[in-house]
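Okay, so here's the structure we're looking at.
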Amino acid sequence: MSRSATRYLEVRLEHVSLHRAGRSVLKDISWTIRPGERWVLAGANGAGKTQLLKLVAGAVWPTPSTRAIRHYLLGRERSSTPAEVKEEIAYLGAERQDKYQRYGWNMAVERIVGTGLYRTDIPLDALTASDRGRIGKALGRLAVSQLAARRFLSLSYGERRVVLLARALLSRPRLLLLDEVLNGLDEINRARLERWLERQKGPLPWVLATHRMEDVPPSATHALVLDRGRIVYAGARRAAPLSEWLEAPHRRAALPKRSRGAQRRSGRTLVRLDQARVYLEGSRVLEGVSLTVHAGELWVIHGRNGSGKTTLLRTLYGDHGVAVGGTIVRAGAAAGVPLEAFRKRVGLVAPHLQADHPQELTVEEVVQSGRYASLGLNEPPTAADRAAAHRALAALGLTPLARRALGELSYGQARRVLFARALVRAPRLLLLDEPFAGVDSLTRGALLERVLELAAGGTAVVVSAHRPGEWLKSATHELELAAGRARYCGPIRTGLGSGRAGAGSAR
């Protein structure tokens, strides 16, 4: 091994298993990560990818066994647990990002990135001038220097992901674990990360978990595929059956022609924005945006990270107010009518909603709460609540998970639960913010088909996506945002998402 390689971690697992809540999650795992190796980790939702990465990182511990071996080698130092090298491992994924939302860690971006220098979750000491210089360079490399003074929770989902990536890189890890990190990034930021991975010509080992073939970095050298907690392939990337797992065939549904006429205005108006301006923590996020959504329309909202897509959806839902000079009108929510009356007929799927849900709730309880647009239940469920939840769970193939706690599920499984919650009350309006983040190919196809069935039946759908190509064949309208302003708003244009397959326009 070269001298430079000894500066990086080698991890060896043999016959390692993991149980959670009495269930087998990982089974007889044997895997070695060596300096210089670049791994792609693939598998369906619930296969155990995130748990495997967390086990390597030392966030979860394997089931005790006389056969199990864990070795962490750094230079000449060898350890049988990750305790001594845990701070040398950078782990970034949706679960880590959700912690900031769940615990309200709303420090300035500069402070968040600075924790990478000292490898802590939250800032413990004041930043020095030298610290600020290094932080500025890290943000500059990812082209987000302008975010340094912003509060973390005021950022878009994709902006938060880029900031946490800067934090991870600033820690100078000896092993980098990336769990679906390309989700929520626009095309430019995805390409920027891929270039960074490509340029790491040294022996820094990394593992990147993904559900999309187009997100497999060209620089990957190895691949590991999990199926229901077991390794079914581990070896050279060029011989890996990745397309079988990342491009599972599924039917692509399309709206009936009667619903696809982009010029139709016969549907009832469900929500209308007029010259809307929205401010978050003193920063203008939307400026002069006008939008009218009618029953049966399917709107695709797209634009760069930070362009205002999530803020727009949350404004439609009622989480954010419109500043003086603009207006918003919601069907069934006239003056004096509680906003909850409108929300009970709106289905919402969004990353912040997934992060905010109490993790101890059962899947059934989460879905039941959709009938009241609440986080959890304030009163015991009625017979009608239980029956509606059972139907929604069955429709999405989630009945076997009904009694499981939300925190026991994979990220993709939890996203399916949010879909069931959104559909439990036959919504008139469906708001979807990056709905397919963390979802495998087969599930994406099934969820897309269900959404299009609702749209064909008159439900209005507004979806924010960095990969609008998935919705092109069925969308009726689009709104392109740039720096909080509408660059285009109207019937769907030809050529949207004409870049690489499934990529967003990011124009």
Report task. Check whether at least one residue in region 272-285 is modelled with pLDDT under 90, in a strand (DSSP E or B), in the same structural domain as GLY458 (by TED's automatic domain parsing) and crowded, with 17+ Cβ neighbours inside 10 Å, and report yes or no. Result -> yes
Requested in this report: Could you list all residues from region 79-93 that are in contact with a strand residue (DSSP E or B) (Cβ under 7 Å, 6 or more places away or on another chain) and either of a type in the set (A, V, I, L, M, F, W, C) or at pLDDT below 90 (or both)?
Outcome: SER80, THR81, PRO82, VAL85, ILE89, ALA90, LEU92, GLY93
Query raised in the report: Before we move on, is ALA68 within 30 Å of ALA405 (Cα to Cα) and touching a Leu at 6+ places or on another chain (Cβ under 9 Å)?
Result: yes
Query raised in the report: Which ranges mark the helices (runs of 4 or more DSSP H) fully within region 362-431 that have 1 or more residues being β-branched (Val, Ile, Thr)?
Result: 363-369, 411-423
Report task. Name the residue, out of ALA138, ALA126, ALA143, that is in a helix (DSSP H, G or I), assigned by TED's automatic domain parsing to the domain that holds ARG34 and farther than 24 Å from MET213 by Cα. Result -> ALA138
Requested in this report: Might you check whether a residue that is free of Cβ contacts under 8 Å to residues at least 60 places away in the same chain, farther than 16 Å from GLU180 by Cβ, out of contact with any Lys or Arg (no Cβ under 7 Å at 6 or more places or on another chain) and part of a helix (DSSP H, G or I) occurs anywhere in region 69-80?
Outcome: no
Requested in this report: Would you be able to tell me the number of residues in region 82-110 that are polar (S, T, N, Q) and within 17 Å of LEU177 (Cα to Cα)?
Outcome: 1
Requested in this report: Just give me the residues in region 86-119 being in a loop (DSSP other than H, G, I, E, B) and loosely packed, with under 13 Cβ neighbours inside 10 Å, in sequence order.
Outcome: GLY104
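Which of the residues belonging to region 461-495 are more than 18 Å from the chain's Cα centre (by Cα), in a loop (DSSP other than H, G, I, E, B) and under 19 Å from ASN305 (Cα atoms)?
Step one: of region 461-495, the residues more than 18 Å from the chain's Cα centre (by Cα) are 461, 472-495.
The next check asks that each one be in a loop (DSSP other than H, G, I, E, B); those that pass are 472-476, 483-484, 492-495.
Selection gives ALA483, GLY484.
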Query raised in the report: Counting just the residues of region 9-58 that are touching a His at 6+ places or on another chain (Cβ under 8 Å) and of a type in the set (Lys, Arg), which one comes out nearest to ARG96 (Cα to Cα)?
Result: ARG38
Report task. List every residue pair whose Cβ atoms lie under 6 Å apart, where the two residues are 6 or more positions apart in sequence or sit on different chains, the first residue falls within region 153-164 and is of a type in the set (Val, Ile, Thr), and the second residue, located anywhere, is not in a helix (DSSP H, G or I). Result -> VAL162/LEU142; VAL162/VAL144
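Take the conditions of a type in the set (A, V, I, L, M, F, W, C), in a loop (DSSP other than H, G, I, E, B) and at pLDDT 85 or above and apply them to ALA234. Does it pass? Please lay out each step first, then the result.
Details: of a type in the set (A, V, I, L, M, F, W, C): yes; in a loop (DSSP other than H, G, I, E, B): no; at pLDDT 85 or above: yes.
So ALA234 fails the test.
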Query - Any chance PRO400 is loosely packed, with under 14 Cβ neighbours inside 10 Å and under 25 Å from the mean Cα position of the chain (by Cα) - result: yes
Query raised in the report: Considering only region 299-320, how many residues are touching a helix residue (DSSP H, G or I) at 6+ places or on another chain (Cβ under 8 Å) and farther than 25 Å from ALA389 by Cα?
Result: 9
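Looking for something aliphatic (A, V, I, L, M), in a helix (DSSP H, G or I) and within 21 Å of THR210 (Cα to Cα) - is there at least one such residue anywhere in region 56-63? If you could, list the steps in order and put the result at the bottom.
So in region 56-63, the residues aliphatic (A, V, I, L, M) come out as 56-57, 59-60.
Still in the running and in a helix (DSSP H, G or I): 56-57.
With within 21 Å of THR210 (Cα to Cα) added as a condition, the list becomes 56-57.
For region 56-63, residues aliphatic (A, V, I, L, M), in a helix (DSSP H, G or I) and within 21 Å of THR210 (Cα to Cα): present.
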Report task. State which residue pairs qualify: first residue closer than 10 Å to LEU182 by Cα and touching a residue at least 60 places away in the same chain (Cβ under 8 Å) and inside region 208-221, second residue in a strand (DSSP E or B) and of a type in the set (Lys, Arg) in any location, beta carbons under 8 Å apart, and separation of 6 or more residues or different chains. Result -> LEU208/ARG38
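The values are calculated or read from the model by the stated rules, or taken from the named source; none is laboratory data. All values reported here derive from a predicted model rather than from experimental measurement. Here Cβ is always computed from backbone atoms with ideal geometry, including for glycine, and neighbour counts include all displayed protein chains.
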